[in-house]
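The values are calculated or read from the model by the stated rules, or taken from the named source; none is laboratory data. None of these values were measured; they are calculated from a predicted model. Glycine also receives a Cβ, built like all others from the backbone with ideal geometry; neighbour counts cover every protein chain displayed.
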Amino acid sequence: MELYRPLNANEYHEVEARSFRAFPPRAAEQPLFTALLSEEGASQIARHMRIAKECDNTVYVVKFLVDDAYIRQFPVQHIQERNRRALWIPADEVEILNQHLIGDICVLASYRIDRADGEVFFA
């Protein structure tokens with residue numbers, strides 16, 4: 001299954017350090033890893049994300065493929081609009097998710113964000 005995710009600059013650099021082959025573990029205050037089912041939904045979120053003060057104000061949209069047999073265990077969640085359908089993967093599953101990635105994590109777009117305007121859609 002093809003999935004999408006906005007990454008803040010810190011997350012992006014951690015993925016880059018893993019040669020675009022794995023996502024980093026989630027922080028203790030981040031109980032879910034959210035993966036969107038559409039590039040459009042991920043891009044909308046990326047363009048309107050609130051950026052933490054300690055992060056560069058760039059948000060990246062990435063695409064990744066996951067083995068269907070593994071990823072289908074997570075039910076589709078609906079986030080506000082139809083194009084924001086997502087899978088919520090528990091934080092403790094990220095390492096297992098990484099084992100089911102097919103190929104590299106691909107960067108599709110990057111956006112410079114005004115910190116003052118952002119909404120919190122995503123962790």
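Listed values, structure above:
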quantity: Residues within region 12-37 that are within 17 Å of VAL107 (Cβ to Cβ) and out of contact with any Leu (no Cβ under 6 Å at 6 or more places or on another chain), tallied; calculated: 14
quantity: Residue in region 84-92 that is assigned to a loop (DSSP other than H, G, I, E, B) and either at pLDDT 90 or above or under 14 Å from the mean Cα position of the chain (by Cα) (or both) present; calculated: no
quantity: Some residue of region 39-61 being under 20 Å from GLN99 (Cβ atoms) and either in contact (Cβ under 8 Å) with a residue 24 or more places away in the chain or within 10 Å of the chain's Cα centre (by Cα) (or both); calculated: no
quantity: Conditions (1) modelled with pLDDT under 95; (2) not in a strand (DSSP E or B); number of the one not met by SER110; calculated: (2)
quantity: Any strands (runs of 3 or more DSSP E) falling wholly within region 1-70 and containing at least 1 residues that are over 20 Å from PRO90 (Cα atoms), modelled with pLDDT under 90 and among the hydroxyl-bearing types (Ser, Thr, Tyr); calculated: 58-66
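Residue by residue, here is whether (1) in contact with a Lys or Arg (Cβ under 7 Å, 6 or more places away or on another chain); (2) of a type outside the set (D, E, K, R); (3) in contact (Cβ under 8 Å) with a residue 40 or more places away in the chain holds:
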position	(1), (2), (3)
GLU2	yes, no, yes
ASN10	no, yes, yes
ALA17	no, yes, no
PHE23	no, yes, yes
ALA28	no, yes, no
TYR70	no, yes, no
HIS78	yes, yes, no
ALA91	yes, yes, yes
